[in-house]
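Presented below is the structure to which this report refers.
The values are calculated or read from the model by the stated rules, or taken from the named source; none is laboratory data. Quantities reported herein were computed from a predicted structural model and do not represent experimental measurements. Cβ placement follows ideal geometry from the backbone for every residue including glycine, while neighbour counts extend to all protein chains displayed.
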Ligand SMILES: Nc1ncnc2c1ncn2[C@@H]1O[C@H](COP(=O)(O)OP(=O)(O)OP(=O)(O)O)[C@@H](O)[C@H]1O
Ligand SMILES: [Mg+2]
């Protein structure tokens, strides 16, 4: 399918996530989720703790499979894809940022950013790309630092550089400022939107922060596993 024919970055149709608990009781986590996320848009997902935000993000990203309904990622239905096929679809198309930065502690800032490029095995000069990404988040001077030698805000900048280094079509962020103070959060938010625009990515952002959600073009609220 050509790029033009894909109108949505993500589309879900009556998607549900139910699991079977150990005592055989079914538990409904998400129900009847139908939504469209246009390419290049910014989308906030808010809701109370336990409402299903992280579960939804995992489904939208193809990390997890729904128990019913369908989801199309970049125009491709994930209905009949197994885990390996979903991973192949994500490769080079999808980036992630988490609340707890998820950097590799034994790798330097620069090496952390190079890692996804090296895993993709399709880039000529991962080091040069990583250097440029580090520069874009204002951390060139910290290239050789290990994560433990960086502040929380700096670690999240490295995580942002790593997430955007391969210019993902879709960037998923789960509470990316949840572990940071207000001033640092504001900087990270600015950087996140800036990187989204520079890379023309679609941004799907889970947050507790209503002010941050209002900065997004689309705002979905989840209440007890359903879109409000
Ligand atoms: N594997 C699982 N087994 C059992 N229950 C689960 C599982 N995964 C999630 N849940 C439950 O599903 C609900 C939604 O979880 P989820 O992590 O998506 O919430 P959330 O909205 O991201 O919350 P928070 O804001 O606290 O991060 C919660 O009640 C959680 O306990
Ligand atoms: Mg969560």
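Worth pointing out:
- Qualifying residue in the range 101-118 (condition: within 16 Å of ligand 2 (Cβ to nearest atom) and either within 19 Å of the chain's Cα centre (by Cα) or modelled with pLDDT under 90 (or both)): yes
Yes/no matrix, rows are residues, columns are (1) free of Cβ contacts under 8 Å to residues at least 40 places away in the same chain; (2) surrounded by 14 or more Cβ atoms within 10 Å (Cβ to Cβ); (3) more than 22 Å from residue 9 (Cβ to Cβ):
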position: 120; (1), (2), (3): no, no, no
position: 125; (1), (2), (3): yes, no, yes
position: 129; (1), (2), (3): yes, yes, yes
position: 193; (1), (2), (3): no, yes, no
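- Within the range 46-73, considering residues that are part of a strand (DSSP E or B) and over 14 Å from residue 35 (Cα atoms), the one farthest from ligand 1 (Cβ to nearest atom): 68
- Pairs meeting the criteria (first residue in the range 167-179 and under 16 Å from residue 157 (Cβ atoms), second residue more than 13 Å from ligand 1 (Cβ to nearest atom) and in a strand (DSSP E or B), beta carbons under 6 Å, at least 6 apart or on different chains) are 171/95; 171/203; 173/97; 176/97.
- For residue 183, the stated conditions do not hold, so it cannot be described as crowded, with 24+ Cβ neighbours inside 10 Å and either under 20 Å from the mean Cα position of the chain (by Cα) or more than 25 Å from residue 40 (Cα to Cα) (or both).
- Hits in the range 147-188 (condition: assigned to a helix (DSSP H, G or I) and within 12 Å of residue 97 (Cα to Cα)): 155, 156, 157, 158, 159, 160, 161, 162, 163, 164, 188
- Among the residues of the range 13-31, not a single one is in contact (Cβ under 8 Å) with a residue 60 or more places away in the chain, assigned to a helix (DSSP H, G or I), farther than 30 Å from residue 151 by Cα and touching a strand residue (DSSP E or B) at 6+ places or on another chain (Cβ under 6 Å).
- Test result for residue 135, out of contact with any helix residue (DSSP H, G or I) (no Cβ under 7 Å at 6 or more places or on another chain) and modelled with pLDDT of 95 or more: yes
- Residue in the range 32-45 that is farthest from residue 223 (Cα to Cα), counting only those that are away from ligand 1 (no atom under 15 Å from the Cβ) and either out of contact with any strand residue (DSSP E or B) (no Cβ under 9 Å at 6 or more places or on another chain) or assigned to a strand (DSSP E or B) (or both): 38
- Qualifying residue in the range 202-211 (condition: part of a loop (DSSP other than H, G, I, E, B), closer than 16 Å to residue 57 by Cβ, within 16 Å of ligand 2 (Cβ to nearest atom) and modelled with pLDDT of 95 or more): no
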